[in-house]
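Inspection log for the structure reproduced underneath, given as structure tokens.
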Amino acid sequence: MKLWDGRFTKQTDALTDHFNSSLSFDYRLYKQDILGSQAHVKMLALQNIISQDEANQISDGLSELLSEIENGDIDLMQDSEDIHMLIEALLTEKIGEVGKKLHTGRSRNDQVALDMRLYLIENISNVQNLIVDLLDTIYNLAKQHITTFMPGYTHLQRAQPVTFAHHLMAYFEMFKRDYKRFEFTKEMTDSMPLGCGALATTTYPLNRDYVKDELGFTELCQNSLDGVSDRDFCSDFLYSVALMMMHLSRFSEEIIIFNSHEFKFIELDDAFSTGSSIMPQKKNPDIAELVRGKSGRTYGNLIALLTTLKGLPLAYNKDMQEDKEAVFDSLDTISLCLPIFTKMLATITINKDNMYNAASSGFTNATDVADYLVKKGVAFRDAHHYVGKLVLFCTINNFTLETLPLSEYKKISPIFKEDVFDAISIATCVNERQVKGGPSPTAVNKHLDIAKQFLNQVKA
Ligand code: ARG
């Protein structure tokens, strides 16, 4: 028997039931469904729509159900259309006829919208806590590497020297934006839909503000048609996850490259690496590769939901049931990736010598040789040309700009003096870049201060 079978003359086909059911994935909403129902009946009693005694019986029954579910005493994998129907059926089974009053003045359309919002608000906060752990790890690692010189890259070609701290703090900024994007997503989710009914509210004198306050929402969904058909908050969430996974994927890519034998800038801890079944020498960066790989499915989830929503007329359509697997999968993916990524990062070993050697052997100070000339009055374009000649000479004759004799410099321009070597040392190149946002220890320390303030603020 179905809760809605009154107008039907035939049983639904077993395939219809199977196809229609969302219980296999929306069972996760059981807690939100129960808390939402409890706020709803409390309000129904206050508004004299049901009696206080009825509300108490329903609410107590729901509390019992919640603890039974959490203790594992109830198998949620039952023959039911969705978690909302199942909880209502279990309640009526438990407390009898009065359970049937729970759904007064409510539709599953506003109910499911409520459950999803409650579920996301709670879980976004969990994701944000994981982001803070990652930010902490990056911050602490960066603090130790303010003078660890390494090449900065463009086109994956050595470009100009930076420090490992400066490089890491670029990721701090990305993940800080991710944190804020999730905060915004939470704001978009923080509107209370209950009372919108199926689409046009109800004739019962509901007090939506009471339910809103009871459940801790900041705002009400202001239009009932929108309230039951808005899944923007799900899309915002999926976008926030996809973008953060893109950042994690880029970071993973660098970890894989830096950990390679060709670079050897870092070494992954044994605990966060894997071996090969055939090649005994292998120590593979599988964690980073899986994080990079899993970014793909989170893009898929975002595109899937946007595509599902794009043709839907107002208000609720069953298509919307498709929001759940996308949201749950993206949530699971990021919740799985973040802690392991953080641990992997916290345990890497840094090979400072290799970083330094790479920074000093790829002409990363060529710009600084040009700037040396500019500071002595040469136009930048001419200086650029002279240094190009120097680099060509070095490449052919196996010199670096540091090892090239002054006599060779002078052949290109008599302006070069002995002080050129000091001006183009890797340390000078980095330390003199004191512009805000730059790699010098002074600039990075300022950035670290700002980062610390952010961390203190989000942890407060
Ligand atoms: N399982 C449904 C969903 O996830 C709940 C809402 C069903 N509403 C309806 N009128 N069939 O969207």
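Key figures for this structure:
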{"item": "Neighbour cut-off at most 14 other Cβ (10 Å), DSSP loop, trypsin sites (Lys or Arg not before Pro), segment 124-209", "result": "none"}
{"item": "Nearest-0.05 FRET efficiency for LEU312 and ASP5, computed from C-beta distance (R0 22 Å)", "result": "0.25"}
{"item": "Taking the chain and dividing mean pair separation by its residue count, relative contact order in percent (alpha carbons under 8 Å, at least six apart)", "result": "16"}
{"item": "5 angstrom amide H check on ARG231, placed H, neighbours 5+ away", "result": "none"}
{"item": "The chain, dipole about Cα centre (Lys/Arg Cβ +1, Asp/Glu Cβ -1), debye to the nearest 20", "result": "2200"}
{"item": "For ILE266, distant residues with modelled amide H under 5 Å away", "result": "ASN259, ASN351"}
{"item": "Reachable lysines, given that their alpha-carbon falls under 24 Å from the alpha-carbon of LYS10 and they are not under 8 places away in the same chain", "result": "LYS2, LYS100, LYS318"}
{"item": "Inter-site label distance for LEU225 and PHE393 at 7 Å from Cα along Cβ, in nm", "result": "7.7"}
{"item": "Estimated FRET transfer efficiency (ALA271, ASN456; beta-carbon r; R0 35 Å; 0.05)", "result": "0.70"}
{"item": "Vicinal HN-Hα couplings computed from phi for segment 133-143 (Karplus, 6.51 cos²θ - 1.76 cosθ + 1.60; Hz; Gly/Pro x)", "result": "4, 5, 4, 4, 5, 5, 4, 5, 5, 4, 3"}
{"item": "Gain on full stretching of the segment that runs from SER407 to HIS261 - 0.36 nm per residue minus C-alpha separation", "result": "48.9 nm"}
{"item": "Kirkwood Rh in Å, taken over the chain so that all alpha-carbon pairs contribute", "result": "26.4"}
{"item": "Within straight-line cross-link reach of LYS282, aspartates and glutamates at Cα separation under 15 Å, skipping those fewer than 8 residues along the same chain", "result": "GLU262, GLU267, ASP269, ASP270"}
{"item": "Straight-distance crosslink candidates among lysines, where the alpha carbon sits under 29 Å from LYS389 and sequence neighbours closer than 8 are dropped", "result": "LYS375, LYS376, LYS410, LYS411, LYS417"}
{"item": "³J(HN,Hα), Karplus 6.51/-1.76/1.60, whole Hz, each residue of segment 271-278, x for Gly, Pro", "result": "5, 10, 9, 9, x, 10, 6, 10"}
{"item": "Degrees, to the nearest 10: 323-346 long Cα axis against longest axis of the chain", "result": "40"}
{"item": "Amide H partners (placed H, <5 Å) of THR163, local residues excluded", "result": "MET150"}
{"item": "³J(HN,Hα), Karplus 6.51/-1.76/1.60, whole Hz, each residue of segment 391-398, x for Gly, Pro", "result": "5, 4, 4, 4, 4, 5, 9, 6"}
{"item": "Estimated distance in nm for a label pair at ASN48 and ALA159, the labels positioned 7 Å out from Cα along Cα-to-Cβ", "result": "7.2"}
{"item": "Stretchable slack from TYR210 to ASN357, in nm (0.36 nm times residue separation minus alpha-carbon distance)", "result": "46.3 nm"}
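Coordinate-derived values only; no laboratory data. Since this is a predicted model, take the numbers as computed values, not measurements. In this analysis, Cβ positions are derived from the backbone assuming ideal geometry, glycine residues included, and neighbour counts consider all displayed protein chains.
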